[in-house]
Structure formats: structure tokens, C-alpha cells
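Following: one structure in C-alpha cells, then a few remarks.
Only the coordinates and a few stated rules stand behind these numbers; no lab work does. Predicted model, so just to flag it, every value in this text is computed and none were measured. Virtual Cβ from ideal backbone geometry, glycine too; neighbours counted across all protein chains shown.
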Amino acid sequence: MTPAIYLVKGRDKSLRRRHPWVFSRGISKVEGEPELGQTVDVFADNGQWLAKAAYSPNSQIRARVWSFEKTNIDKAFFVKRIRDAQLMREEIIERDGLTGYRLIAAESDGLPGITIDKYQNFLVCQLLSAGAEFNKQTLVEALLEVFPEANIYERSDVAVRKKEGLPESTGVLHGEMPPKSVVIEENGVKISVDIVGGHKTGFYLDQRDSRLQSMKYVKNKDVLNCFSYTGGFGLYALKGGAKRVINADVSQPALDTAKFNAELNEFDISKKRGVFLNADVFKLLREYRDQGTKFDVVIMDPPKFAESKAQLNGACRGYKDINMLAMQILNPGGTLLTYSCSGLMDQVLFQKIIADAAVDANRQVKFVERFEQAADHPTDTAYPEGFYLKGFACKVL
Ligand code: SAH
């Protein structure tokens, strides 16, 4: 018999709206002895069947829903979810000329805890939940049914796995070991991805749309690309005809790849048109300000500052600080392209922080455009948490 969980009275509301999480405090009874990640039936307090979910005894999110239909959670289930995800992305893949994209965006694609990025014929999986781990082999089989030629690699080396009671895990799940460089293309830009050693699954696919939109601000401009990683925005700036691009990051391997990427695209980086600077952005911005060095465009795409609610206040100060400094080093009429990938910080709060930064920088700042995560990182209507990346183009006077 399938183990089951029963919800506290009134705690079925979010599930009826198809939100996929069941919190520990919402559960009144567990029937049977579900293993870590095993599939359980979810019932309302009145005994009505609601969903099939993965049980996670160590997490506050005690169960994550696989399906609101009475289906088996087997290979056919995963094949259907993967085919659906691929189907909704086909238009985007074609339009943007993608050979690298997010195939599965976890909860937003009906597969809680499962992120899969596709770089050429390498599928890179990040499995964050107990249910994802429990079904790993079935998932691999399902992926191979949809993509028979694929190599599958796991990059579950993330600390949040601890909350689910899982150790970190990396390695080949099927086929070949990824080479040091897999070259993908987006919007006509070539990017080398290090699947094994890069950040996350190797690349920040989520900023693709913003990178494209940034191009219209850079022609003949002096651009500072803060937190550049492997070039990202900087490559688009070179393509968009920037006069000069300084890419700044603390990771030397990322900067080496950024330079390699510029060469791969045959962008002219001679005479310091492309600079790859190993520097702490917080310090670098202060140095530029104190020296009076100015730019026409500053791109500000920092890592996630807030991992938990407890960190949100500190994160706000961090965002305000770097954005204030960016404003101070912009020429009048310059453009600040600024982003936050902290899901806990919503768009309204981020807008307020930019407003506070403008006060502290003593500059007049106008929002002229808004950005979101790329279209292969969708947000399911039932799962607003899937919207995490936001950005603004600001004119600074
Ligand atoms: N804009 C990039 C993604 C940025 S990810 C793109 O489009 O691909 C964030 C980057 O910030 C990482 O490369 C990380 O190495 C870098 N980083 C983190 N803290 C930093 C700091 N204090 N100074 C400079 N770079 C930093």
C-alpha cells in the first residue's frame, strides 16, 4: 500500500490551487512508513484524495507534489513531463538559436527539486529534493527516451541538499564525461561552458534575455561589467559595438573563460577594448569613485545575496551599496543595468533599494526598462516563487 499523509483542517487550500508544497506543520498524520523521497498519497482532513507527492522527513517542506492526478510516478510520468517542458520551449529555442537552455525548471515544470540544463547533447541535472534523488534512475531512463543521444551528468553539489537529508553528489549518470569546454550558442553568441567545474550547472542561462536587451544601451559606450563570470553581458556588449568593456570578477577561471569566449566569437579585444579584471567589485567600485573614473554603462549582476529571510536585511544593504557606487561612477545620462536573483527580494523591494541608492548617490535616476528571467525559466501560475530574477535599466542624471 502507498504510504499516505493527512493534512490539518484548512491546510488543503494551497494544494487545491495546485501549489506543490506541503509544510510539516500542515500535516496531522502520516500513515505507513514512507522512506526518504518515497511517493505518498496526500489526503485532506476529510479523507478526500488530493495529490501524489514525494515525502521528505527532514525538510520543513515535508512533501512536494508530483501530480494532482491519480497517476503512477514512473518512467512514463517523467517522460510526459520532459516532453511537455521541451514542447513549451521549442519556439524559444528556434527564435533565439539556442544550443544551451534550461530544459526543466523544477516546480515550474511540474518536477519539484529537479533542474536540468541542456548544453548541446549534455544534460546536466541538479537534484535538490529527496523525491528527485529517490527517482534518479527513473529520471535518467526517461531523459534517454526523449533524448536518446544525450550524455547525462549530475551537479548536485549544493548545500541545500542537507535540508533534505541528502549528501552532495556529482558524476556521470549516463554516457560520456563532459569535456572541459562545451560550446553553446545563444542569439548568435558562442559561449564555452565548463559543466564539471563551472558555477551551478556551468552557465547562467537565466540572464539570456537581459543580455540581449542590454545590447541596445552599449554602442560606442565605455562599459563596466561587474560580476562578469564567463563574460555573459560583456560578450553581448562587444557584439553590440561597445567602445570598451571591463569585465570584473573574483574568479580567475571564469575570467579566463571570458577571454576565451571573446576570442571564440572573434570580437576585437585588442588595445584594451576587452579587459578581464580579477577584482572584488565592492573594492573596485570604491577605487573608481575615489579616482574619479567614469563609465557610460555599468552592469551589475551580483550573486544571490539572500539565501534565507534572516539574510534579507543584510542583502538589502549589499544591493544598495553596490548600486549607489555604480550610480556615482556613471557619466550624466549613463545607464545602470542592475539585477537581483534573490527570490526573497521581490521587484517592489528591489525598486525601493534602487531608489534608496539614488538618494545616497545624490543622483536623479529614472527607471526606463524592466527585465525578468529568460523564457526557458518560466513561472507556473500556481507557483509564484518561480519568479526570482528581476532587473532594471536606469538612466542616471
Ligand atoms: N553576469 C553573469 C553571471 C554572474 S554570477 C552572466 O551573465 O553569466 C556572479 C559572479 O559574481 C560569479 O562569477 C562570482 O565569481 C562573482 N563574484 C562573487 N562575489 C564577487 C565579488 N565580491 N567581486 C567580484 N565578483 C564576485
| message | Looking at Arg17, Arg64, can you tell me which residue is in contact with a strand residue (DSSP E or B) (Cβ under 6 Å, 6 or more places away or on another chain) and of a type in the set (D, E, K, R)? | response | Arg64
| message | Tell me whether the stretch 65-74 contains one or more residues that are touching an Asp or Glu at 6+ places or on another chain (Cβ under 8 Å) and either touching a residue at least 24 places away in the same chain (Cβ under 8 Å) or loosely packed, with under 15 Cβ neighbours inside 10 Å (or both). | response | no
| note | Considering residues that are within 15 Å of Lys395 (Cβ to Cβ) and surrounded by fewer than 22 Cβ atoms within 10 Å (Cβ to Cβ), the number found within the stretch 329-350 is 3
| Of the residues that sit in the stretch 161-203 and are free of Cβ contacts under 8 Å to residues at least 60 places away in the same chain and either within 12 Å of the ligand (Cβ to nearest atom) or in a helix (DSSP H, G or I) (or both), which one is surrounded by the most Cβ atoms within 10 Å (Cβ to Cβ)? | Gly198
| field | Conditions (1) out of contact with any Phe, Trp or Tyr (no Cβ under 6 Å at 6 or more places or on another chain); (2) crowded, with 21+ Cβ neighbours inside 10 Å: number failed by Asp321 | value | (2)
| note | Pairs returned, first residue in the stretch 339-366 that is farther than 19 Å from Pro303 by Cα, second residue that is charged (D, E, K, R), beta-carbon separation under 9 angstrom, 6 or more apart or interchain, are Asp356/Lys320; Asp360/Lys320; Asp360/Asp321; Gln364/Lys395; Val365/Lys395; Lys366/Lys395
| request: Among the numbered conditions (1) within 16 Å of Gln207 (Cβ to Cβ); (2) of a type in the set (Val, Ile, Thr); (3) within 13 Å of the ligand (Cβ to nearest atom), tell me where Val297 comes up short. | output: (3)
| said: When you scan the stretch 257-276, do you find a residue that is within 15 Å of the ligand (Cβ to nearest atom), basic (Lys, Arg) and either loosely packed, with under 15 Cβ neighbours inside 10 Å or assigned to a helix (DSSP H, G or I) (or both), even just one? | reply: yes
| query | List the pairs whose first member sits in the stretch 212-239 and is in a helix (DSSP H, G or I), whose second member is away from the ligand (no atom under 13 Å from the Cβ) and among the acidic types (Asp, Glu), and whose Cβ atoms are under 8 Å apart, counting only residues at least 6 apart or on separate chains? | reply | Leu212/Asp96; Gln213/Glu369; Leu238/Asp268
| said: Out of everything in the stretch 222-256 that is within 13 Å of Val189 (Cβ to Cβ) and more than 10 Å from the ligand (Cβ to nearest atom), what residue ends up being surrounded by the most Cβ atoms within 10 Å (Cβ to Cβ)? | reply: Ala237
